[in-house]
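Asker: Please find one structure pasted underneath; my questions will follow.
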Amino acid sequence: QVQLVESGGGSVQAGDSLRLSCVASGLPFSVTRMGWFRQRQGKEREFVAAIRRTGTSTLYSNSVKGRFIISRNNSENTVYLQMNRLKPDDTAVYFCAASRDASTGIQPTEFHSWGQGTQVTVSS
């Protein structure tokens, strides 16, 4: 059974940083593409970032490019999202997700497994 467990969310001030972690089990993590999505209140779930199995290929949404960094540690089955220069508009529940490594899409339907989410709140 696939399990993705996020942690690291919290309440911060605008301009602060946070690092989210997602530990995966029940899947071949080292050959799995991992992604982060977020869902703001009243909005649809949206793509934030993704990383291929080797960690050398990453993809970001325009809204976070240059501020967020996705990385992974295959020996610890963990994917990270370093969030810098946070803005109030980044306030959302952040979800970790897994897809086939061959996948290149950013739609939620491309990802077959999801974590329960972690809340990030940024105040001005």
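The values are calculated or read from the model by the stated rules, or taken from the named source; none is laboratory data. Predicted model only: the values in this text are computed from it and were never measured. We place every Cβ from the backbone using ideal geometry, glycine too, and count neighbours over all the protein chains shown. Calculation scope for accessible area: heavy atoms of the full protein, side chains included, ligands and nucleic acids excluded. Shrake-Rupley method; radii C 1.70, N 1.55, O 1.52, S 1.80 Å.
Asker: Across the range 30-55, what is the total count of residues that are among the hydrophobic types (A, V, I, L, M, F, W, C) and closer than 10 Å to VAL79 by Cβ?
Answerer: 5
Asker: Within the range 93-108, can you find the residues that are open to solvent by 30 Å² or more (accessible area, probe 1.4 Å) and out of contact with any Gly (no Cβ under 6 Å at 6 or more places or on another chain)?
Answerer: Listed by number, the residues that qualify are ARG100, ALA102, THR104, ILE106, GLN107, PRO108.
Asker: Oh, and also: Is it fair to say LEU20 is touching a residue at least 60 places away in the same chain (Cβ under 8 Å) and at negative phi?
Answerer: The answer is yes for LEU20.
Asker: Please go through the range 12-68 and give me each residue that is touching an Asp or Glu at 6+ places or on another chain (Cβ under 9 Å), charged (D, E, K, R) and under 13 Å from ASP90 (Cα atoms), ordered by number.
Answerer: ARG38, ARG40, ARG67
Asker: Let me ask something else about it. Against the condition open to solvent by less than 40 Å² (accessible area, probe 1.4 Å), under 19 Å from GLN13 (Cα atoms) and either touching a residue at least 40 places away in the same chain (Cβ under 8 Å) or not aliphatic (A, V, I, L, M) (or both), how does PHE111 come out, does it pass?
Answerer: No; evaluated as a whole, the condition is false for this residue.
Asker: For the range 53-61, state whether one or more residues are out of contact with any helix residue (DSSP H, G or I) (no Cβ under 6 Å at 6 or more places or on another chain), among the basic types (Lys, Arg) and not in a strand (DSSP E or B).
Answerer: There is no residue in the range 53-61 that is out of contact with any helix residue (DSSP H, G or I) (no Cβ under 6 Å at 6 or more places or on another chain), among the basic types (Lys, Arg) and not in a strand (DSSP E or B).
Asker: I want to confirm something. Restricting to the range 62-75 and keeping residues that are farther than 20 Å from SER25 by Cβ and not in a loop (DSSP other than H, G, I, E, B), which single residue is least open to solvent (accessible area, probe 1.4 Å)?
Answerer: Selected residue: PHE68.
Asker: Output the residue which, of all residues in the range 76-92 that are closer than 15 Å to TRP114 by Cβ and without any contact (Cβ under 8 Å) to a residue 60 or more places away in the chain, is surrounded by the most Cβ atoms within 10 Å (Cβ to Cβ).
Answerer: Checking each candidate, the answer is VAL79.
Asker: While we're on this one: Filter the range 22-52 down to residues that are part of a strand (DSSP E or B) and open to solvent by 60 Å² or more (accessible area, probe 1.4 Å) and give me whichever is farthest from GLN3 (Cα to Cα).
Answerer: Of everything passing the filter in the range 22-52, GLN39 is farthest from GLN3 (Cα to Cα).
Asker: Cβ contacts < 6 Å: first residue within 23 Å of VAL122 (Cβ to Cβ), restricted to the range 24-51; second residue open to solvent by 50 Å² or more (accessible area, probe 1.4 Å) and aliphatic (A, V, I, L, M), any location; separation 6+ or different chain. Result?
Answerer: Pairs that qualify, where the first residue is within 23 Å of VAL122 (Cβ to Cβ) and the partner is open to solvent by 50 Å² or more (accessible area, probe 1.4 Å) and aliphatic (A, V, I, L, M), are PHE47/ILE106; ALA50/LEU59.
Asker: Just to be sure I understand, how many residues within the range 94-116 are out of contact with any helix residue (DSSP H, G or I) (no Cβ under 6 Å at 6 or more places or on another chain) and part of a strand (DSSP E or B)?
Answerer: Residues flagged as out of contact with any helix residue (DSSP H, G or I) (no Cβ under 6 Å at 6 or more places or on another chain) and part of a strand (DSSP E or B) within the range 94-116 amount to 8.
Asker: So which of SER11, SER7 ends up being of a type in the set (S, T, N, Q), open to solvent by 20 Å² or more (accessible area, probe 1.4 Å) and closer than 13 Å to VAL79 by Cα?
Answerer: SER7
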